[in-house]
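Structure, as structure tokens:
No lab work stands behind these numbers, since they all come straight from the coordinates. Please read all numbers here as calculations on a predicted model, not as lab measurements. Cβ placement follows ideal geometry from the backbone for every residue including glycine, while neighbour counts extend to all protein chains displayed.
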Amino acid sequence: MSNKLSKSVEDNLNRAGRPKGVGNKSTGMAREAIARFVDGNANKMEEWLQSVAYGIQASDKEGKPKFSTEGNPVYVVPPNPEKAFGMLQSVMEYHLPKLARTEHSGDAEQPMLVIHEHKFLD
């Protein structure tokens with residue numbers, strides 16, 4: 001049995017593949033879903049991040065804050081601003097595009113000329 005395709009099938013095959021620069025559909029859809037989730041829950045996310053950053057203090061049955069015998073507040077979730085910042089960064093990573101690092105190089109005998117102008121308005 002031969003694995004050769006018929007002439008008509010061979011003519012209809014696209015051998016070029018995906019063009020350069022075209023993103024993966026699944027990745028694009030996932031990023032869009034995350035962006036919609038972040039936009040729709042921005043106010044809740046702010047509360048969650050503040051809960052992690054400032055902590056959640058324990059309370060008694062009447063709703064009054066609990067304190068230790070030394071007078072320090074007792075926390076259900078201890079304050080951790082560093083973790084809250086890390087959580088914010090991890091969400092932003094999917095929502096904001098990353099900028100690639102660029103490097104300018106040129107000929108050693110003809111260095112690049114950079115002109116920077118300032119115009120002041122009266």
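Couple of notes before you dig in:
- For the cross-link pairs Lys44/Lys66; Lys61/Lys83; Lys44/Lys98; Lys44/Lys64; Lys44/Lys83, the ones whose C-alpha atoms lie over 27 Å apart are Lys61/Lys83.
- Helix axis angle, 25-40 relative to the chain longest principal axis, alpha carbon, degrees: 30 degrees
- When the alpha-carbon atoms of the range 24-95 are used, the pair Rg, Dmax equals 17.2, 58 angstrom.
- Label corresponding to percent of Cα pairs over 25 Å apart when calculated from the structure given, among (1) 15; (2) 66; (3) 30: (2)
- For the chain, a Gaussian network of Cα nodes joined below 10 Å ranks Met112, Met87, Met45 by mean-square fluctuation, and the top entry is Met112.
- Selected from Ala42, Ala53, Ala108 as most flexible by GNM, with the chain as the system and alpha-carbon contacts under 10 Å: Ala108
- Exposed-loop-free span, longest in the chain, where trypsin sites (Lys or Arg not before Pro) count as exposed if DSSP calls them loop and at most 15 other C-beta atoms lie within 10 Å: 21-60
- For the chain, the relative contact order works out to 20 percent when only alpha carbon pairs closer than 8 Å and six or more residues apart are counted.
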